[in-house]
Amino acid sequence: MKIGLGIIGYGGMGELHHKYAAQAGGYNIIGAYDVDAARRAAAEAGGIRTFGSLKALLGCREINTVLVCAPAGRRSELCVAAARAGKHVACAAPAAFSVWELDQIIAAIGRGGRVLAVCQDHRRDRDFCVVKKLLNTGRLGRVYSLQARLQGRGALPGWGLSAGESVLYSWGVHVIDQLMWLLGYDDFISVFCRTCKTGLSHTENYCLLVFNLESGGVVEIELDSSAPEMSPRWTILGDRAAACLGGTAGEGRTLLLEPGAEGWELPLPEPEETGDALAVYYENLREVIDGSGTLAAQPWQVRRVLKAVEAALQSAETGKLVSLKG
């Protein structure tokens, strides 16, 4: 039985998701709702019907799953509305701006016995898969510092899409999700954060996060949408060797700490470890809804990432280290 999919928000992201859901198989894309007439016309040009109101889409009996791709500021209320209408909910990240908002979504989903699939889909990025494989080799020794940076004009697509959506929300949630998923959610014990606006930005487009780990290491994340691209994408420091990755393709080098010793080539990921993130997302969603799979990004994981974001914002406001425990 095909999944009847309705799309709320048919901007560029909604149109992209439409394409991937159609390619994944097992989906019948019923139609879309968007407040913008031009985007409704785009949906019709894409071969699906449009709904004149949100109520009409949520009331459509052919639709059992709703994809929320509206601007970030409206996603939580739309997810709740879809859940209350008895639909499974797929949503772009971030699904909410606070843990409280996310809890409202989770509660509404739980009451209807439905699925909530937030598209935190960067766990298969090639550069991240190189980091994962490298750490699993153990060849760096005890890793005491892991630094992740996204810098450069145009390097952070989607920042500042809507009021309140700083770079911490538009891309920080994905990098935090990657590292918490890799290192363990319970290992992150506190965070210190600084944010600022640069240039003509209307919201915070620079963010520096420093997480202290239970294991004794430090994770540093720096996001900057306006600076020239200068720093490596990833830097990993261990007590036996260090590694530096320059870009999203996973290119990089290692350096042994012994004087005169040569490094080694970074372990490239296998094709099945990466794959097209959105294609994998829709395959996973289909399997979860038909009962044959497990959700890749669990709601509790999404919640832990948002809790870290909230703590980071508190740190940026107070200038103090903020605990992630409790």
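The values are calculated or read from the model by the stated rules, or taken from the named source; none is laboratory data. This one's a predicted model, so the numbers in the text were calculated from it and none came from an experiment. Here the Cβ positions follow ideal geometry from the backbone for every residue, glycine too, while neighbour counts run over all protein chains shown. Ligands, DNA and RNA are excluded from the accessible area calculation, which covers all protein heavy atoms including side chains. Shrake-Rupley method; radii C 1.70, N 1.55, O 1.52, S 1.80 Å.
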Problem set entry | Complete set of residues in the range 257-266 that are surrounded by fewer than 17 Cβ atoms within 10 Å (Cβ to Cβ) and either in contact (Cβ under 8 Å) with a residue 12 or more places away in the chain or touching a Leu at 6+ places or on another chain (Cβ under 6 Å) (or both) | 257, 263, 264
Exercise. Within the range 290-315, restricting attention to residues that are open to solvent by 30 Å² or more (accessible area, probe 1.4 Å) and outside any loop (DSSP other than H, G, I, E, B), which residue is farthest from residue 23 (Cα to Cα)?
Worked result: 314
Exercise. Residue 89 fails exactly one of the following numbered conditions: (1) modelled with pLDDT under 95; (2) crowded, with 19+ Cβ neighbours inside 10 Å. What is the number of that condition?
Worked result: (1)
For this session: State all residues of the range 1-22 that are assigned to a loop (DSSP other than H, G, I, E, B) and among the aliphatic types (A, V, I, L, M); if no residue qualifies, say none.
Result: 1
Seminar exercise, completed: Within the range 120-171, residues being at pLDDT below 90 and assigned to a loop (DSSP other than H, G, I, E, B) number 16
Problem set entry | Unique match (being touching a Ser or Thr at 6+ places or on another chain (Cβ under 6 Å), within 22 Å of residue 17 (Cα to Cα), open to solvent by less than 10 Å² (accessible area, probe 1.4 Å) and outside any helix (DSSP H, G or I)) among 117, 96 | 96
For this session: Return yes when residue 278 is under 21 Å from residue 100 (Cα atoms), touching a helix residue (DSSP H, G or I) at 6+ places or on another chain (Cβ under 7 Å) and of a type outside the set (Phe, Trp, Tyr) and no when it is not.
Result: no
For this session: Would you please list the contacts, defined by Cβ atoms under 6 Å and residues six or more apart or on different chains, that run from a residue in the range 96-123 that is under 22 Å from residue 280 (Cβ atoms) to a residue that is open to solvent by 50 Å² or more (accessible area, probe 1.4 Å) and at pLDDT 95 or above?
Result: 123/181
Exercise. When only residues in the range 39-70 that are in a strand (DSSP E or B) and of a type outside the set (Val, Ile, Thr) count, which is least open to solvent (accessible area, probe 1.4 Å)?
Worked result: 67
Seminar exercise, completed: Inside the range 23-36, the number of residues satisfying the requirement of being open to solvent by 60 Å² or more (accessible area, probe 1.4 Å) and either assigned to a helix (DSSP H, G or I) or closer than 14 Å to residue 90 by Cβ (or both) is 1
Exercise. Of all residues in the range 134-148, how many are open to solvent by 50 Å² or more (accessible area, probe 1.4 Å) and out of contact with any strand residue (DSSP E or B) (no Cβ under 7 Å at 6 or more places or on another chain)?
Worked result: 2
For this session: Report yes if residue 233 is in contact (Cβ under 8 Å) with a residue 40 or more places away in the chain, surrounded by 19 or more Cβ atoms within 10 Å (Cβ to Cβ) and of a type outside the set (Gly, Ala, Ser), otherwise no.
Result: yes
For this session: Kindly indicate the residue of the range 163-222 that is free of Cβ contacts under 8 Å to residues at least 40 places away in the same chain and of a type in the set (A, V, I, L, M) and also least open to solvent (accessible area, probe 1.4 Å) among those meeting that condition.
Result: 213
Exercise. Looking at the range 182-289, what strands (runs of 3 or more DSSP E) fall wholly within it and have at least 2 residues that are at pLDDT 95 or above and either among the polar types (S, T, N, Q) or out of contact with any Gly (no Cβ under 7 Å at 6 or more places or on another chain) (or both)?
Worked result: 188-196, 206-213, 218-224, 234-238
